[in-house]
Structures are given as structure tokens and as C-alpha cells.
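Asks: One structure, as C-alpha cells, below. Some questions next.
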Amino acid sequence: MSEMLGKLAYYMEFPFVRYALIVGVLIALCSSLFGATLVLKRFSFIGDGLAHVAFGAMAIAAVLNFTNEMVVILPITVVCAILLLRTGQNTIIKGDAAIAMISVGALAFGYLIMNLFSTSSNLTGDVCSTLFGSTSILTLTTKEVWLSVILSVVVVIFFIVYYNRIFSLTFDENFAKATGMKVELYNLLTAIVIAVIIVLAMNLVGSLLISALVIFPALSAMRIFRSFKSVILFSAGISVVCALVGMLISILAGTPVGSTIVAVDVAAFLICYFIGRARN
Amino acid sequence: MAQIICRDLTLGYDNEVILTGLDFRVDEGDYLCIVGENGSGKSTLMKTILGLTPPLSGSIEWGEGLSAHAIGYLPQQTLVQRDFPASVREIVLSGCQNRPGFRAFYKPEDRQKAERNMERMGIADLSKRCYRDLSGGQQQRVLLARALCSAEKVLLLDEPVTGLDPKITQEMYELIRSLNEEGITIIMISHDVDEAVRYASHILHIGKHVFFGPRDEYIRSDVGKYFLMQEGGGEE
Ligand SMILES: Nc1ncnc2c1ncn2[C@@H]1O[C@H](COP(=O)(O)OP(=O)(O)OP(=O)(O)O)[C@@H](O)[C@H]1O
Ligand SMILES: [Mg+2]
């Protein structure tokens with residue numbers, strides 16, 4: 001035990017480890033906030049879809065030799081989020097099918113582009129780390145840390161200010177619209193914020209595992225709690241705890257960060273599931 | 001003063017026309033009952049008035065000073081998933097959100113209003129319960145309480161008494177009437193023509209025959225006589 005603590009203390013001396021922990025916790029917090037809404041609106045896979053879009057955008061950015069990849073990734077992902085979450089009657093292809101299409105399409109094209117044009121000597125390694133987020137969380141620059149902190153704060157403030165509207169939109173969009181809420185505007189804002197979260201979260205767990213970060217905390221909370229507010233608060237809490245525990249384990253045991261966090265999330269879900277069962 | 005004027009309205013979905021050439025108006029303080037057979041387009045009409053379904057043609061004009069911010073609405077069915085975690089209080093409170101202007105949080109008077117409407121509907125003791133654990137009738141009352149929270153000037157109800165027991169049904173009709181006497185305009189879809197005719201000031205009958213006019217005229221009209229006899233005969 002003391003040996004483990006010693007090891008931990010040793011790692012904590014490195015600024016990049018501290019950065020990773022801070023950013024990891026913030027990302028976990030942000031991505032859990034919208035989890036309940038996405039799950040309840042049957043958009044669980046939006047995280048996956050957008051993350052794959054972001055992956056495709058990243059491939060384009062890499063090929064075009066952009067120094068700041070965000071400039072390419074963020075706008076493309078935001079546009080796709082808006083298109084996917086548009087719940088109008090006029091959408092030609094309905095929800096889940098559209099997400100599936102864009103998601104696998106972007107993934108295929110991203111890999112294809114990387115394969116055809118990349119100059120990197122370690123292509124498989126590059127792809128693997130964008131898909132599973134193996135090390136990027138540990139290579140954050142101070143600038144990226146600040147960017148993540150600022151974006152996270154914006155997301156949390158947005159969520160708090162719009163909390164009541166988000167509840168109404170999730171519970172009964174028709175009623176909200178009938179009684180004068182600007183439903184389209186709020187859907188648009190939500191889509192943008194979700195895209196920002198996804199792009200942030202790619203650093204932590206990689207494209208393939210983002211959905212887990214978004215939906216597991218919400219699903220866990222929904223096993224136990226029965227009011228919207230308590231579900232949100234609990235999912236935020238459990239998401240932060242799981243991310244922290246996951247990152248610490250991965251530091252100590254040398255396991256990949258993203259998959260360790262997700263494994264802890266899954267474990268937490270199982271515990272919540274059984275608590276929920278026992279209560280009923 | 002006219003609050004809602006519908007001119008030459010054609011209702012339907014995509015290219016499927018349900019009803020054409022509908023003309024009627026609702027004045028402040030009216031109690032309009034919409035009656036008609038299943039599938040005649042009553043719910044569609046209400047959704048069109050509310051702007052949830054665009055009309056295929058024709059126009060809906062809202063009176064001066066009236067906007068969606070003063071409207072309460074009880075849908076026929078609210079498709080809420082069975083596992084939705086929301087307490088009764090959260091849902092009723094969400095009816096208070098329609099005031100114009102942006103406010104992030106509820107005010108104390110919103111909470112009082114929610115409290116009062118929960119008492120009116122006899123669900124005050126359920127306020128902490130989860131919506132999905134309630135019976136159908138209880139859920140209906142929660143949604144009614146929410147509609148009452150947002151109804152400042154007009155209340156639109158799509159079959160408000162479905163699933164309520166006789167006692168609550170009577171209380172419901174009384175409540176709606178007292179709201180109407182307080183000056184709130186009521187637009188209600190009902191299958192219970194007898195009750196509709198008893199309380200309403202105007203009747204809009206849609207279907208193969210269309211009728212719009214004051215209640216007394218409806219009772220004397222051929223459509224009304226026929227429908228009242230038929231429906232009245234079918235019920236005890
Ligand atoms: N979303 C929809 N898309 C296409 N057609 C629809 C839709 N909703 C209803 N309809 C059709 O429109 C017609 C009118 O439906 P509506 O729900 O308005 O009837 P209603 O008068 O309210 O009936 P009820 O008494 O059963 O409530 C029906 O034939 C129905 O099949
Ligand atoms: Mg109907």
C-alpha cells in the first residue's frame with residue numbers, strides 16, 4: 001500500500017500527470033451532464049457518431065498539415081452534431097440510421113485518408129491512439145489544458161443556466177414548443193455543446209470509447225434515482241469518481257487510460273444495477 | 001375580442017388531407033368544445049392551432065396580446081418513456097417556464113403556483129413520487145396540473161378526462177368551468193358530448209359534417225341532434 005502511495009506521489013511530481021488528472025476529471029464531468037438527456041431522447045449513439053466524425057476531421061487536418069487541428073475538427077463536428085440532432089419532421093433519414101451512416105462513413109474515410117496520404121512511419125500506432133486515446137491525455141500542453149478548462153467551465157455554466165429548459169426539452173418537446181419555448185434554438189445550442197464535449201473527450205478516451213463516458217454514468221444513476229435532478233447530480237458525481245479512479249489505476253498498473261476509465265464505469269454501472277434491483 | 005381566428009384551414013399530414021375549409025373563431029372567455037368521431041382530426045386541429053403541425057393551407061391568426069407564452073396544453077398522449085426519471089413536482093414546475101423573457105431558475109411564485117395546482121388536482125401528496133410509477137389517471141392529473149401552471153389566458157385540453165374516475169371527472173369539469181369563469185378561454189376536445197354541451201359556450205363539430213356555432217344552435221341543428229342522440233344513446 002505505502003509502496004503504491006509512494007509511486008503515486010512520485011508520478012504526481014510530473015506536471016503532465018497533474019494536467020491529465022485535472023483535464024480528465026473536467027471532461028468526465030462535462031460528458032456526464034448531457035448523458036441523461038441523450039439516453040432519454042434515444043440518442044445514446046450520438047457520442048460514437050460524432051467522435052467518428054471528429055476522427056475523420058482529424059485525419060483531414062493531419063493530411064493538410066494543420067498545426068492546430070482543432071480549427072478543422074471542431075467546426076466539422078459541430079455541423080454534424082446539428083444535422084444529427086435536428087429532430088424535425090423533414091429529416092430524410094431517421095435518427096439512429098443517420099447516426100450509424102455518418103459514424104461508419106466518417107471512420108472509413110478517416111482511415112482511408114490517413115492511409116493514402118499520411119507521412120507518418122507509425123500509422124497503425126497513430127490510428128490506434130486516436131481510436132483508443134492511449135497517450136494523448138498525457139501529452140497535453142499548458143495551452144491545451146487551459147483550453148479544456150475554459151471549455152469545461154463554459155459547458156457547466158451553460159448546463160446550469162439552461163437546466164430547466166433542458167428538462168422540458170427532454171421530457172416533452174411538444175409541450176415546450178406549444179407553450180412558446182424556442183425549441184429549435186435550444187436544440188441547436190445543445191448540439192453545439194455536445195460536439196464541443198465530444199471533441200474534448202477524444203483526448204481522454206479516444207473516438208471509440210466516448211459513448212461509454214457519456215452514457216454509463218447516466219444509466220447508472222437511472223438505476224437508482226427517480227427524479228431528474230438527482231439523476232444528473234449522481235451521474236456527474238459518479239463520472240468524476242470513475243474517471244479519477246480509472247486514471248489512478250492506469251498510472252499505477254500501466255494500463256491504457258481510456259479503456260481503464262470505461263472499465264471502471266462499467267463496474268460502477270453493475271453496482272448501481274444491483275442496488276437498484278435490491279431496492280425494488 | 002377575438003383570440004384565435006382560423007380561416008379556410010386545411011388540416012393534414014404531408015400530402016394527406018384530413019379536413020378542408022375550416023372556419024371558426026374563438027373569443028376571449030369562450031368555452032369551445034371540439035367534438036367528432038375518432039380519427040376526424042380533432043387532435044390534429046389542436047396541434048395545428050398550437051403550431052406543432054403546420055396547416056396544409058389557410059391561416060391561423062392570434063389575437064392581440066396573445067402568444068404561446070400564455071397557453072396551457074394537455075396533449076392526448078404524452079409519449080414519455082417508461083423509464084424517465086422525473087418527479088411529479090419537476091414536471092408540474094416545468095409548466096411555469098413559458099413566461100416571456102429568459103429566466104434561468106424558478107421563482108418562489110412559480111413554486112407556489114405549482115404547489116397550488118398540485119393541490120387542485122389532488123396530487124400534492126405525490127409530489128416527490130416518480131412520474132413513471134404512477135397510475136394512468138394520476139399521470140393525467142400531473143399533466144393537467146402542468147397545463148394549469150402555464151395557462152395564463154388560454155387552456156387547450158385534448159380529452160382531459162380520459163382515464164379519470166367519475167368523482168375526479170366531475171371535479172375536473174367543475175374546475176375547468178371555474179377557470180373559464182375566471183376569464184381563461186377553454187378549448188377542449190371531448191368525447192362526452194353530453195358534458196360538452198352542458199358546459200361549453202360554443203361547439204365545433206368536425207367530421208363529414210362540420211358545424212361551428214353557439215351551443216344552443218348546435219343542439220337544434222341536424223348534425224347536433226343526430227350526434228347527441230347517437231352518442232347519448234351509447235352512454236349511460
Ligand atoms: N403524425 C401523423 N402522421 C400522419 N397521419 C396522422 C398522424 N397523426 C394522426 N394522423 C391521421 O390523421 C387522422 C386524424 O387523427 P387525429 O389524431 O387528429 O384524430 P382525432 O379526431 O383526435 O381522433 P381521436 O378521437 O381518436 O383522438 C387519422 O386518420 C390519423 O390516422
Ligand atoms: Mg385525438
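The values are calculated or read from the model by the stated rules, or taken from the named source; none is laboratory data. Everything numeric in this text was worked out from a predicted model, so none of it was measured. Here Cβ is always computed from backbone atoms with ideal geometry, including for glycine, and neighbour counts include all displayed protein chains. These area figures cover heavy atoms from the full protein model, side chains too; ligands, DNA and RNA do not enter into them. Shrake-Rupley method; radii C 1.70, N 1.55, O 1.52, S 1.80 Å.
Asks: Return yes or no: is B:LYS47 more than 14 Å from chain A (Cβ to nearest Cβ), under 18 Å from B:ILE186 (Cβ atoms), within 15 Å of ligand 2 (Cβ to nearest atom) and among the basic types (Lys, Arg)?
Replies: Answer is no for this residue.
Asks: Only residues that are away from ligand 2 (no atom under 16 Å from the Cβ) and either among the aliphatic types (A, V, I, L, M) or open to solvent by 20 Å² or more (accessible area, probe 1.4 Å) (or both): list them for the stretch B:180-191, please.
Replies: B:ASN180, B:GLU181, B:GLU182, B:GLY183, B:ILE184, B:ILE186
Asks: With the condition kept exactly as written, say whether any residue in the stretch B:57-64 is in contact with a strand residue (DSSP E or B) (Cβ under 7 Å, 6 or more places away or on another chain), of a type in the set (Val, Ile, Thr), more than 8 Å from chain A (Cβ to nearest Cβ) and in contact (Cβ under 8 Å) with a residue 24 or more places away in the chain.
Replies: Within the stretch B:57-64 (the criterion being in contact with a strand residue (DSSP E or B) (Cβ under 7 Å, 6 or more places away or on another chain), of a type in the set (Val, Ile, Thr), more than 8 Å from chain A (Cβ to nearest Cβ) and in contact (Cβ under 8 Å) with a residue 24 or more places away in the chain), the answer is yes, since at least one residue qualifies.
Asks: Considering only residues that are touching a Gly at 6+ places or on another chain (Cβ under 9 Å) and modelled with pLDDT under 90, look in the stretch B:192-203 and name the one that is most open to solvent (accessible area, probe 1.4 Å).
Replies: Looking at residues that are touching a Gly at 6+ places or on another chain (Cβ under 9 Å) and modelled with pLDDT under 90, I get B:ASP194.
Asks: How many residues are under 16 Å from A:ALA243 (Cβ atoms) and either open to solvent by 60 Å² or more (accessible area, probe 1.4 Å) or part of a helix (DSSP H, G or I) (or both) if we restrict to the stretch A:9-57?
Replies: The number of residues fulfilling the criteria is 19.
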